[in-house]
Every structure is written in C-alpha cells, then in structure tokens.
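Below is one structure, written out as structure tokens, with a few remarks after it.
The values are calculated or read from the model by the stated rules, or taken from the named source; none is laboratory data. Here the structure is a predicted model, which means the values were calculated and not measured. FYI the Cβ positions are ideal-geometry reconstructions off the backbone, even for glycines, and counts take in every protein chain you see.
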Amino acid sequence: MASNQSKTARASVRAGANAAGGALSVLGEFKYLIPLNGGKHSYIRNLTTGKTVHAATDSEKFVSEIKSLADAGHGAKIRTELDALNQVHPDQGWDVATKRLVEAGVFDS
C-alpha cells in the first residue's frame with residue numbers, strides 16, 4: 001500500500017527525529033537575523049519561542065536574544081550568518097556586533 005505522505009514531509013519527520021539537544025531542525029534556509037536601518041537594528045527570529053524580536057545591534061537585548069538561541073544549539077548557524085552579513089555589508093558594523101557577542105561569551109556554549 002502506497003503512503004500518502006510526501007517526500008518532503010517524510011524528510012521533515014526524519015530531520016525532527018534526528019535532532020539532538022533540543023535544537024530544532026528545519027528544511028531549507030532559515031535566517032535568524034534580518035538587518036534593519038543599515039545594521040543599527042535587527043529582527044531576531046527565535047525558532048524556540050516562535051517570536052521575532054526587534055533590537056538595536058548594540059543593545060543588551062540583542063546580546064541576550066542571541067545568547068538564548070546559542071544556548072538552544074543555534075550558535076554556529078548564527079555565527080555563520082553574522083560573518084556572511086559582515087562580508088555582504090562591511091560598512092554596517094556586523095564585525096563590531098560579532099565582537100560584542102564573542103566578548104559577552106555568547107558562543108562559548
């Protein structure tokens with residue numbers, strides 16, 4: 001008997017079953033950071049809570065949101081995303097934001 005479940009749905013179920021440590025796996029590309037106002041602000045998409053938070057990139061709110069995501073197992077992906085933003089928009093200060101996060105110990109976990 002043939003299954004009515006699509007290949008995408010089966011792959012999603014397998015990805016969810018293989019997820020470790022509470023980290024959420026999703027199919028496709030998911031951006032955690034949406035830069036705003038020339039890099040001065042950002043929307044931070046939180047997969048663990050389902051909320052999108054608006055924060056200035058030089059604020060404690062930004063650091064705490066990124067830290068909560070890093071603690072949930074998303075730190076490497078966010079770090080890669082910050083590096084990519086710095087390459088694409090070197091004049092927007094993403095290197096400074098990354099340095100602040102590193103100094104705050106966000107990616108140490």
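Assorted remarks:
- Selection status of Lys61, surrounded by 11 or more Cβ atoms within 10 Å (Cβ to Cβ) and at pLDDT 95 or above: yes
- The set of residues in segment 51-67 that are in a helix (DSSP H, G or I) and either over 12 Å from the mean Cα position of the chain (by Cα) or touching a residue at least 24 places away in the same chain (Cβ under 8 Å) (or both) comprises Glu60, Lys61, Phe62, Val63, Ser64, Ile66, Lys67.
- Among (1) more than 20 Å from Glu29 (Cβ to Cβ); (2) part of a helix (DSSP H, G or I) - the single one Ala76 does not satisfy: (1)
- Unmet requirement for His89, which otherwise passes all of (1) under 13 Å from Ile34 (Cα atoms); (2) in contact (Cβ under 8 Å) with a residue 40 or more places away in the chain; (3) crowded, with 16+ Cβ neighbours inside 10 Å: (3)
- Condition check for Ala17: surrounded by fewer than 17 Cβ atoms within 10 Å (Cβ to Cβ), in a helix (DSSP H, G or I), among the aliphatic types (A, V, I, L, M) and modelled with pLDDT of 70 or more: no
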